[in-house]
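A short reminder: the numbers here are calculations on the coordinates, not readings from a lab. A quick note: this is a predicted structure, and the numbers were derived from the prediction, not measured. Virtual Cβ from ideal backbone geometry, glycine too; neighbours counted across all protein chains shown.
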Amino acid sequence: MSPDFVIGESQIQGLGLFTKRPRAKGERLFVAIYSNQTVTPIGSKINHCPGKNVNTVQSILPNTYLSATPDKTTGEWWIIALRNIDVGEELTADYNGTPDFIKKPDPEWQCPMK
């Protein structure tokens, strides 16, 4: 496991991935998908739904995204900070923007917002 992240109980669903240090908007955080199109162990822990606290914009929007294309040198797909992320914040991403070889969320499923 990376010294920069920790896997813990998610308030969203199951286990989630949390940052151990502040992250800057645009920062490449880690490889989420290997060049052979396999999701990395750390990449599999990102929830695709924001937190249940809807009192702030930060809590209802994903805070990371998957690179639009793989790295030209390595063929790996990276998770990138969509905005500044605070220490201890759970990482979330929109699965609908993932490559076609990644399973998308059930269109009938809605994020629990309460």
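Measuring between alpha carbons in the structure, the pairs from LYS45/LYS104; LYS72/LYS104; LYS45/LYS103 lying more than 22 angstrom apart are LYS72/LYS104. Note on PHE101 and ALA68: their simple-model spin labels are 2.1 nm apart, each label 7 Å out from Cα toward Cβ. Local charge for THR69 was computed over the other residues whose Cβ lies under 15 Å away, with Lys and Arg +1 and Asp and Glu -1, and equals -1. Within the same chain, aspartates and glutamates fewer than 8 places from LYS20 are excluded, and of the rest, those with a Cα less than 16 Å from its Cα are ASP4, GLU9, ASP86, GLU89, GLU90.
The order of the peptides 8-20, 73-85 by mean Cβ neighbours within 10 Å, most packed first, is 73-85, 8-20. Close amide H contacts of ASN84 (hydrogens built in the peptide plane, cut-off under 5 Å, sequence separation of 5 or more or a different chain): LYS25.
Fully extended, how many nm does the chain gain between THR40 and GLU76 (0.36 nm per residue separation, minus their Cα-Cα distance)? Don't skip to the end; give the middle numbers.
On the way: separation 36, 0.36 × 36 = 12.96 nm, distance 1.00 nm.
Roughly 12.0 nm would be gained on extension.
Cβ under 13 Å from GLN37's Cβ, GLN37 left aside: what net charge do those residues give with Lys, Arg +1 and Asp, Glu -1?
Values: positive: LYS103; negative: GLU76, ASP100.
Taking every other residue near GLN37 into account, the sum is -1.
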